[in-house]
Amino acid sequence: MKVLVILLLIVGGVGAFLYFPRGGASTSATNAATLAILNTAIEGSRAGAGFAPALDGEVYATGDLVRANSDGRGVLTFFDASSLSVDPGAQVKVIALNRLPSDGIQVMIEQTLGRSWSSVQKLKTPDSKFELRTPSTTAIVRGTAFLTLVQQLPTGGTQTTYQVDDGSLQVTATAGGTVAVPAGTQVTIAEGASAPANPTPIPPSPRLEITGSLGLGFLAVAPTGATCGPAGGKAEIFGCVATSSKITVRDPAPGRWGLFLTSGAPLGATITVEAFVGTARSAQRATSRSLNANDLVRSGITLTGGPSPALSPFEDMTPVASVCAATAPGRIFANGTLDARLEAVRAFARDNRGIPVSVIYTEAELNQSIAANAPTTQGVTLNDAKITIDGGGIHGTAKAATQFITLNASADVIGGPVGDKITLRVSRLEADPLPAGLLDAVRGLADTSTGAFSSTIPFLVKQVSFRNGCFFVSGVTPP
């Protein structure tokens, strides 16, 4: 792969933005929700426009819609770190999303169908509000983790079920009445029905508990690809409640659970995984390892479902270079030069059909490649190029110089799978002034780079995920 394919798109973002318009001015993530895509078939609609494939790192604001199709899973993360995860078939709309003058937050979400998981931070100010509306209810939230399920009824209309795992809800029925729903309880209200006097207990169900040593940063990766934990900053996994040293997941999916461990200081780390049904523990596993400051380690464990859930032994702990290498699915390709890495993927794809794979790029290695390959083309020289990567995408800055002028440019790049290929687009840019000659040159670079990069990935792309310091492209080798 030509690494400059990515880099030219980033630092030449001015031209790319005009060449690939996104339907209006970009929205600042400081006053919006950032979308992370866990699987394909997530679509977005902005301010009443038609639905289009959504990309990882896109921001959504008041009036925007997100829907998950039959295989889609996604997470909206708000600027206060609260999050809303949606399962296949769910549809949610951002009714209002504002940062208040008091530095509080005002969020109103409408969910018309499907299942979502809300992990809401404790609201900081009295005028803050987090509200979720469905056809039959309105739920008022102040620091809560809960599941919302909106189901079509055979007789017509819908019913809404709330299950609260942490904190409490105040649920008001559209037809009248309000009920308090504390942790460990649930309530179901159909359209046209009043709120019941009291909630009912959530029936006993399987539960996974993952506990880490004091000072250990860790993250669990569910078989769905969703993450949760004190090192992750958001609870993507349905039914997950995370504290500084423990993750609890209700109704965990059977399959492989990945684990990512890190520490800011030397630590004798222990991680313990326990499986329960109700209050009865059915399995327990523990493993330990000495960590140096800033070590990154991956492991995993397999959960077998059934009346008495079981746990496999831990996979060996393996040092990794990034959180992406610990959380990406399938066969991982993260080592070697950037060109050699994709050649290795191609060779693997030729001999292995229908296998999950991921290729990983880190912020550090991309910046090293920029420094070693300062590009010049069509009379334009790009200097002082630098990128950073976080959950909002790739953020690039550079100086674009011609014989007559030097332009300081910056841009944000997001990406995702469209038609089983990767698509990169610029979501924000800044550059002033912008002469026509420079624009034409940069536009040519962006045009060439986008198409070339898409064609370099030798597998069917299902996910593009941006994380702190890295991003990965994952999918399946051709059948």
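Before moving on, here are some points about what is shown:
- In the range 273-299, the residues that are more than 24 Å from Gly330 (Cα to Cα) and hydroxyl-bearing (Ser, Thr, Tyr): Thr279, Ser282, Ser288, Ser290
- Just so you know, in the range 72-92 the residues that are hydrophobic (A, V, I, L, M, F, W, C) and surrounded by 24 or more Cβ atoms within 10 Å (Cβ to Cβ) include one that is nearest to Ala226 (Cα to Cα), and it is Val75.
- Hey, Val359 within 30 Å of Asp384 (Cα to Cα), of a type outside the set (Lys, Arg) and surrounded by 19 or more Cβ atoms within 10 Å (Cβ to Cβ) or not: yes
- Candidate set: the range 37-79, residues that are of a type in the set (Asp, Glu) and within 26 Å of Thr160 (Cα to Cα); chosen: the one modelled with the lowest pLDDT: Asp71
- Checked against (1) touching a residue at least 12 places away in the same chain (Cβ under 8 Å); (2) surrounded by fewer than 23 Cβ atoms within 10 Å (Cβ to Cβ), Ile210 passes all but a single condition, namely (2).
- Residue in the range 159-167 that is within 23 Å of the chain's Cα centre (by Cα), assigned to a loop (DSSP other than H, G, I, E, B) and small (Gly, Ala, Ser) present: no
- For the range 245-256, a residue qualifies if it is more than 15 Å from Gly212 (Cα to Cα) and surrounded by 19 or more Cβ atoms within 10 Å (Cβ to Cβ), and the qualifying residues are Arg250, Pro252.
The values are calculated or read from the model by the stated rules, or taken from the named source; none is laboratory data. These numbers were taken from a predicted model, which means no experiment stands behind them. Note that we place each Cβ from the backbone using ideal geometry, even for glycine, and neighbour counts take in every protein chain shown.
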